[in-house]
Amino acid sequence: MHLDPLAIITAFGLIFLAELPDKTMFASLAMGTRMRPLYVWFGTSSAFIVHVAIAVGAGSLLGLLPDWIVKLVSASFFAFGAFLLLRGSGGDDDDEAEVKTVTGFWPVYSTAFMAVFISEWGDLTQITTANLAASNGTWSTAIGSAAALMSVSALALLAGKFIAKRVPLKTVQRIGGICMLGLAIWTAVEIFTG
């Protein structure tokens, strides 16, 4: 098992920025106001770990293809992610819907796990994780992505209201989109120079 610190930091940074304006951050915030935050965090974190494992597995399969094809697919996915982030998401604030009060570890854990597990299928962060795993290494990507997703969930539970009032989510989306666009260009250039 080889860990690349740069790949871990890259995965963490990209996934963290992409997940901040995502519906799961708002879902975590909403659940945290009605349920015990630590239990919610255990549930959301478990769901994120399962999704990272699935995404890294898919990315490892991509890694079996010739290098130029992997880079072309990676550049395409980064460009698509940049497009999604830069065009804005618009209605994510509506996901802060009324959440039924749930008590006890297992009911809260199950509710949080299922909310994230179902909503994250095919999400930008899952696609980005698979993409990074194909080009940057399985374990490094898994560690960076899981840490980022769990951090965003914790951040939402601890300081979500403060962030929502102080930092415009559009700004976060733009920064993430510019980073992804930069990675798309960099990866495309590597096809011809590598």
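The values are calculated or read from the model by the stated rules, or taken from the named source; none is laboratory data. Owing to the predicted nature of the structure, the values given are computational and were not obtained by experimental measurement. As a convention, Cβ positions derive from the backbone with ideal geometry for all residues, glycine included, and neighbour counts pool all protein chains shown. We work out accessible area using only protein heavy atoms, side chains counted, and drop any ligands, DNA or RNA first. Shrake-Rupley method; radii C 1.70, N 1.55, O 1.52, S 1.80 Å.
At a glance:
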item: Residue satisfying all of: in segment 122-177; within 16 Å of the chain's Cα centre (by Cα) and at pLDDT below 70; farthest from residue 68 (Cα to Cα) among these; result: 169
item: All positions within segment 101-135 that are open to solvent by less than 40 Å² (accessible area, probe 1.4 Å), over 12 Å from residue 40 (Cβ atoms) and among the hydrophobic types (A, V, I, L, M, F, W, C); result: 124, 130, 132, 133, 134
item: Inter-residue pairs, beta-carbon under 7 Å, first of a type in the set (Val, Ile, Thr) and in segment 4-22, second at pLDDT 90 or above and open to solvent by 40 Å² or more (accessible area, probe 1.4 Å), 6+ apart; result: 8/143
item: Segment 1-41, subset surrounded by fewer than 21 Cβ atoms within 10 Å (Cβ to Cβ) and of a type in the set (S, T, N, Q), residue nearest to residue 142 (Cα to Cα); result: 10
item: Subset of segment 42-52 (residues that are within 29 Å of residue 135 (Cα to Cα) and either hydroxyl-bearing (Ser, Thr, Tyr) or open to solvent by 60 Å² or more (accessible area, probe 1.4 Å) (or both)); result: 44, 45, 46, 49
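This table checks each residue for (1) among the aliphatic types (A, V, I, L, M); (2) at pLDDT 80 or above; (3) farther than 23 Å from residue 134 by Cα.
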site: 15; (1), (2), (3): yes, yes, no
site: 26; (1), (2), (3): no, no, yes
site: 59; (1), (2), (3): no, no, no
site: 72; (1), (2), (3): yes, yes, no
site: 78; (1), (2), (3): no, no, no
